Amino acid sequence: MERMFSVLKFGGSSVASATNMSRVLDLVEKEASGRRVILVASAISGCTNALLSGDPAQVDEMEKRHRSIVKRLFTGGEQLAVQQRTDALFRELREAPEEEKVTYGEILSTTLLDAKLKAEGYRTCWLDSRELVVRDDEQKTFANIAAAVSAAPEVEVFVAPGFICRSAEGRVCTLGRGGSDYSAALYAAAVQAASLQIWTDVPGIMTTNPRQVSRARTIPRMSYDAALQMAGHGAKVLYAPTVAPAMQAGIAIEILNTFAPEGGKTVISADVRETGPVGLASQEKGSVSEICLVHSSELTRAEEALTQAGIAPLRLWEEEGNLLLTVRPAVEKMALQALHRAFFEVLPVKEVCLFIAGYGAVGKALAQMVDRTGPTVEERTGKVLRLVGVANSRQYSIDLGGHPGAPCREGDYVAEVCARAPKGSVFVDCTNSETLYQRYPELFAAGLNVVSSNRRSFAVPYATYALLHAAARENGAFFRYETTVGAALPILESISRGTNSCDEVLSIEAVVSCTLNQILGDYRPGGESFASLVRKAQEAGLTEPDPRQDLGGRDALRKLLILAREAGVRLEEEEVEVTPVIPKELFDVPMERFYEDLEAAEPLFAAAGREADVQGFRRRFVASLEKTPSGGFRAGIGIRNVPPVHPAYHLRGTENAIIVRSAFHPYPLVIQGPGEGAREAASSILNDILR
Ligand code: ADP
Ligand code: ASP
Ligand code: MG
């Protein structure tokens, strides 16, 4: 059986130098090992323009470039012969009628390629496109080519100049600028080629011209129509008339990059149907630039994108399934960039599955927030969050489809999560559990990340804390807990950023007990008693079930441990000097007696309050860490009188403040704002998930 044909066309830059021609020949020779090849080539880059310029100096320059290619491509007697042939062609060119001069570019380049293939031992045949290709008569052209090819059954590689042809009247002429692509399609259709490859200097047809928009990307598969629209509206990577003969012959067109053959490419064929916008093409139309968004009618979206970029199109309309607009040439590039961003730079969406543990106020607020913010989050971050698991302390529910419902199954939630979670899922601990953290390493090992708002997990010895971090690191997982101090305030992140950049924390003052900030802020000596304010706070749900947990500084201690460790200080619980807000004896009495005894201690609070008032200070519950002159750290928790210049002086209600002094900066970093609330906690967790 007759071996099938491949038609390979190489553009001007692909044959621009001896080095490039060698690449071309490598590609051709590879193809020739399995098929008969028709090699179609353009003139070397710049040649057509030079010949059209009518400037003899430019012709001389071209002669030099061809000579140098010959020198580098051939040696000895071959070099001499090819040089003589080239010289003869340049003599012919200089004497040719003005309108025929332009046709010599392709004759020259293909003459060199043909000679080199012959020199390498291939049976080749140079086809004279001026004889075979008849402009505006494809049938005649097909017949001519088919006849020429069948007349030379021994030939392995035919070499044919692109671009040039003759008219029906027999005059030598061209197929129009960029016409070599079309020549290739004509040769391919004439021999019913199995493959038509257009080799150029870009990896296929891209979403727009990569010279104008660097983020343009290759369109891997296209329909003939989409390719025709792109080409017809100015994407010069393909000459529009190329499409029809290939389509009619049922031949796929491949567009490939000579300079990265294994990289991206476009395949244009009959089995592709685009469903959305394909790409952007642009061309000059008189005094304006016309931009075409191929296969799209999304007028509003285009308008919005342009408005955002501050561009007002001169005209914007729909035509034959495409969106067209004109702009001033000065803003063409900007318009292309804006439209490209809006239509082709949508980030690939990454789905993240969430497993929540602790389905109380915070867990529920988080679930709601994930649900409500979905579209915004997707647009802003390219991530789709899917809540797939929820659990309270007794039951759980998992549905990878995203509808877990309320917790209803008994069993080991963590084990089930480890077994079923897609890698990269996030486990959110918003429980009050004092033991759940022991299972974090299991979760990390199963490919999950952990986000926690549960600070009880951190009131552990430093070694345990370090182990949790190591387990996360070893598994390439993240472990975040911004929520554990100051709810939604970006405190931990700010501290660890400094630590990461080798800034050294000199001191931290944290006014982070919402309960005590509220109580101390409201307290006035002689007014409502301290005991009564504590009771009110308890009733408002601001305290732990036993308010003495707060008054004893337990919660502040946990926060201080976290802060210190984030700052790189290996602080242990025993090293913190805690001065409780209430007399020690009150910790041991039963709850019923507690308020009575607290009321009885009122003179103590009143006296301390008055003393502060006299000095113009305010009383704040401060957890602090301070570098000592000996290089160690001193940590303490207790009430302090702060002067008006102190950032914590002005705190309102349950506000939190944190003041960090560090070696790099003369003034402290102060973060202040709302420090509690289920919604604040949920937003902080969400940000840990998305960060
Ligand atoms: P050749 O000489 O190989 O025929 P052309 O210069 O005619 O090459 O066409 C390739 C050029 O087309 C690229 O270098 C690129 O600047 C331009 N171009 C315009 N639009 C596109 C597009 N959508 N995708 C790829 N290239 C494009
Ligand atoms: N050499 C011709 C041109 O520059 C044809 C082509 O490259 O396709 O227009
Ligand atoms: Mg071209």
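What follows is calculated from the coordinates using simple rules that are stated; it is not laboratory data. Computed from a predicted structure; not experimentally measured. Note that each Cβ is placed from the backbone with ideal geometry, even for glycine, and that neighbours are counted across all protein chains shown.
When peptides 464-476, 422-434 are sorted by average Cβ neighbour count within 10 Å, with the highest value leading, the order is 422-434, 464-476.
The value of relative contact order for segment 360-456, using C-alpha pairs under 8 Å at least six residues apart, is 20 percent. Relative to the 2.2 N^0.38 Å rule of thumb, segment 525-622 has a C-alpha radius of gyration ratio of 1.22. Checking every one of the GluC sites (Glu not before Pro) in segment 240-281 against DSSP loop status and a limit of 12 other Cβ atoms within 10 Å picks out GLU262.
Packing, as the average of other Cβ atoms within 10 Å across residues, places the peptides 145-156, 517-528, 234-245 in the order 234-245, 517-528, 145-156, highest first. Here the Karplus curve 6.51 cos²θ - 1.76 cosθ + 1.60, taken at θ = phi - 60°, turns the phi angles of segment 13-24 into couplings of 6, 5, 10, 5, 8, 4, 4, 5, 4, 5, 4, 4 Hz, with x standing for Gly and Pro. A cut-off of 5 Å between modelled amide H atoms, ignoring neighbours fewer than 5 places along the same chain, links ASN656 with GLY673, GLY675. Here the Karplus relation 6.51 cos²θ - 1.76 cosθ + 1.60, evaluated at θ = phi - 60°, turns the backbone of segment 169-182 into coupling constants of 7, x, 7, 6, 7, 10, 8, x, 4, x, x, 4, 4, 5 Hz, with x for every Gly and Pro. Dipole check for segment 244-399: with +1 at the C-beta of Lys and Arg, -1 at the C-beta of Asp and Glu, and the Cα centre as origin, the magnitude is about 740 Debye. Over the residues of the chain, the helix contribution to mean residue ellipticity at 222 nm works out to -12000 deg cm²/dmol, using -39500 (n - 2.57) for each DSSP H run of at least 4.
Entry for segment 566-665 at q = 0.11, 0.13 Å⁻¹: log10 I(q)/I(0) = -0.48, -0.66, Debye formula applied to identical alpha-carbon scatterers, no solvent contribution.
Largest first, the three principal axis extents of the alpha carbons in segment 1-117 are 49, 32, 22 Å in whole numbers. The packing ranking of peptides 541-553, 406-418, 584-596, highest mean first, is 541-553, 406-418, 584-596, where packing means the average number of other beta carbon atoms within 10 angstrom of each residue. Given +1 at the Cβ of Lys and Arg, -1 at the Cβ of Asp and Glu and no other charges, the dipole of segment 431-486 around its Cα centre is 80 debye to the nearest 20.
For the pair SER507 and ARG273 in one chain, pulling the backbone fully straight at 0.36 nm per residue adds 77.8 nm over the alpha carbon distance.
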